[in-house]
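Report on one structure; see the data block that follows.
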Amino acid sequence: MNVSTHQYCLLQGLWDFVRSGQEEILLSPYLPAFSAFITHVLLCVPFFIMDLLSCVCPLIRSWRIDTGSVPSVRCWMECLGRLTVRYLTVVLPVTALLQCALKTPVLPERAPSCYRFCVEVLACFLLFDALFFVWHLSMHRIPWLFRKVHQEHHKNKALIALSAQDANGWELLSLLLLALISSWWVGCHPLSEALFHFLNSWLAIEDHCGYDLPWGLHRLLPSLGLGGAPFHQLHHTKHKWNYAPYFTHWDLLFGTYKQ
């Protein structure tokens, strides 16, 4: 077995398992919005527990960037309510219509090689990071966009993990569309696209969690140039710095980077 064949075999079994009897679900136009919502909420659960424990655990409280604020259960529940309404009324119906109109309902039989899998995920992150930077900067520099679209997201003074998607319904839709467009432009295999969306949700949550965690990716992998939660917390405090979602190179290039 040569190297190329071996790479395909590593993921082929997983892809065959995912496809087996699940094609109707995988091709559903409701899947992108539904999976984005469920993934986001489930990945926020550990941070909800941390917020509860921070009241009694000095170690957890010491990781909070803003040590004077401990989000309440009510804050979490109100945020979850807003998020649910916006997904049901805007994100789910619009993305379903776009999926029906634009995406060809065909699943490939073969899994990607490990090399293609990694390259596609990385390419999606770099493309999404660039698109998000331009869109985010525009929402701050164009007063009408800030008032009508982005201001809602900045109402959260004490950040919680769930607030990564606590935004105006149309902004929430735009961010999901940027992620979908990134994977479509790269030409991702569904497996690569799924991992990209999962990691994209996790990094957004980590950025908004309010904790500078010892195991944060910006600490574990400093050579990647990730900003992490401190980078994004400063954006929510000052508004005019740190517009990129994950990497710092665009802000460094345009002079909008601040530590």
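Couple of notes before you dig in:
- Filtering the range 131-145 to residues that are under 12 Å from residue 240 (Cα atoms) and either in contact with a helix residue (DSSP H, G or I) (Cβ under 9 Å, 6 or more places away or on another chain) or surrounded by 18 or more Cβ atoms within 10 Å (Cβ to Cβ) (or both) leaves 136, 137, 138, 139, 140.
Residue-wise test of (1) buried (at least 16 other Cβ atoms within 10 Å of the Cβ); (2) modelled with pLDDT of 90 or more.
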{"residue": "36", "(1), (2)": "yes, yes"}
{"residue": "42", "(1), (2)": "no, yes"}
{"residue": "58", "(1), (2)": "no, no"}
{"residue": "65", "(1), (2)": "yes, no"}
{"residue": "79", "(1), (2)": "yes, yes"}
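- Checked against (1) over 13 Å from the mean Cα position of the chain (by Cα); (2) under 28 Å from residue 27 (Cα atoms); (3) part of a helix (DSSP H, G or I), residue 188 meets all criteria but (3).
- Residue in the range 133-140 that is under 12 Å from the mean Cα position of the chain (by Cα) and within 20 Å of residue 87 (Cβ to Cβ) present: no
- Qualifying positions in the range 201-242 - assigned to a helix (DSSP H, G or I), in contact with a helix residue (DSSP H, G or I) (Cβ under 9 Å, 6 or more places away or on another chain) and aliphatic (A, V, I, L, M): 203, 204, 205, 217, 224, 229
- Conditions (1) aromatic (Phe, Trp, Tyr); (2) out of contact with any strand residue (DSSP E or B) (no Cβ under 7 Å at 6 or more places or on another chain); (3) more than 23 Å from residue 137 (Cα to Cα): number failed by residue 185: (3)
- Residue 229 meets all of the listed conditions (1) surrounded by 21 or more Cβ atoms within 10 Å (Cβ to Cβ); (2) modelled with pLDDT of 95 or more but one, namely (2).
- Hey, residue 112 buried (at least 19 other Cβ atoms within 10 Å of the Cβ) and modelled with pLDDT under 90 or not: no
- Test: residue in the range 73-85 that is of a type in the set (Gly, Ala, Ser), within 17 Å of residue 162 (Cβ to Cβ) and out of contact with any Phe, Trp or Tyr (no Cβ under 9 Å at 6 or more places or on another chain): yes
- Long-range neighbours under 7 Å by Cβ, at least six apart or interchain, first residue in contact (Cβ under 8 Å) with a residue 24 or more places away in the chain within the range 16-42, second surrounded by 13 or more Cβ atoms within 10 Å (Cβ to Cβ) and among the aromatic types (Phe, Trp, Tyr): 33/87; 37/87; 39/198
The values are calculated or read from the model by the stated rules, or taken from the named source; none is laboratory data. All values reported here derive from a predicted model rather than from experimental measurement. Glycine also receives a Cβ, built like all others from the backbone with ideal geometry; neighbour counts cover every protein chain displayed.
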